[in-house]
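S.K.: Input: one structure, supplied below.
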Amino acid sequence: MKKALWTFLLLWASSAVKGLQVTQGGHMELARLKVSLTYIRAIKTFRLLFMSLLGMGLCMVLLFMGLVLFHVTLFLYSPWNMETKMLVGFMCSAVYLLVTLLLFSKIFAQDKWLRIFHAEDIMKQLKGEVGSAQEDSEKIIH
């Protein structure tokens, strides 16, 4: 339903533009329609991106609030002495830092992103072209 509505609106908009500029050829109308479709798709993509980032941000805030409240409760109401509380706090922070570093290295690895977006073949091809260009330049030099 939404797709049909957007198609109708875009066709209506293109006919309105056509009425304003009668001297332009049919290729200009097609170009305008394609640009309009691309613009609508970009708006949809940015809307979904914004909603995703907002949702992730809300989840992160709730997670951090839960972690802080957990530690505040643990350290205020536990019957431990001060040294034990400090040791537990340092161990928790070390574990959090190590887990964070491990997750960041796994999530933002270049080869993983290339695999997700199916760009491994492109990288192999580019490396092959660079290698062949280096071999050609070495042949010319020698």
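The values are calculated or read from the model by the stated rules, or taken from the named source; none is laboratory data. The model shown is predicted, which means the values in this text are computed figures rather than measured ones. Don't worry about glycine lacking a Cβ; one is built from the backbone with ideal geometry, like all the others, and counts go over all protein chains shown. With ligands, DNA and RNA removed, areas are computed over all heavy atoms of the protein, side chains included. Shrake-Rupley method; radii C 1.70, N 1.55, O 1.52, S 1.80 Å.
S.K.: Tell me, what ³J(HN,Hα) does each residue in the stretch 78-91 have, in order and in whole Hz, if you take phi through Karplus 6.51 cos²θ - 1.76 cosθ + 1.60 with θ = phi - 60° and put x for Gly and Pro?
M.R.: Once θ is set to phi - 60°, the couplings for the stretch 78-91 become 7, x, 7, 7, 5, 5, 5, 4, 5, 5, 5, x, 5, 5 Hz.
S.K.: If you project the alpha carbons of the stretch 49-106 onto their three principal axes, what span does each projection cover, largest first, in Å?
M.R.: The Cα atoms of the stretch 49-106 stretch 48, 25, 8 Å along their principal axes.
S.K.: Could you pull the accessible area for Met91 with a 1.4 Å probe, rounded to 10 Å²?
M.R.: 110 Å²
S.K.: Now, a different point. For Trp80 and Thr100, what is the calculated FRET efficiency with R₀ set at 22 Å and r taken between the beta-carbons, to the nearest 0.05?
M.R.: Numbers: r = 26 Å, r/R0 = 1.17.
With R0 = 22 Å, the Cβ-Cβ based efficiency is 0.30.
S.K.: Given a 1.4 Å probe and the protein chains all in place, what does the accessible area of Thr73 round to, in Å² to the nearest 10?
M.R.: Thr73 has an accessible surface of roughly 70 Å² with all protein chains in place.
S.K.: Could you give me the ³J(HN,Hα) list for the stretch 40-53, computed from phi with Karplus coefficients 6.51, -1.76, 1.60 and θ = phi - 60°, whole Hz, x at Gly and Pro?
M.R.: Each residue of the stretch 40-53 in turn: 5, 5, 5, 4, 4, 5, 5, 5, 5, 4, 4, 5, 5, 5 Hz.
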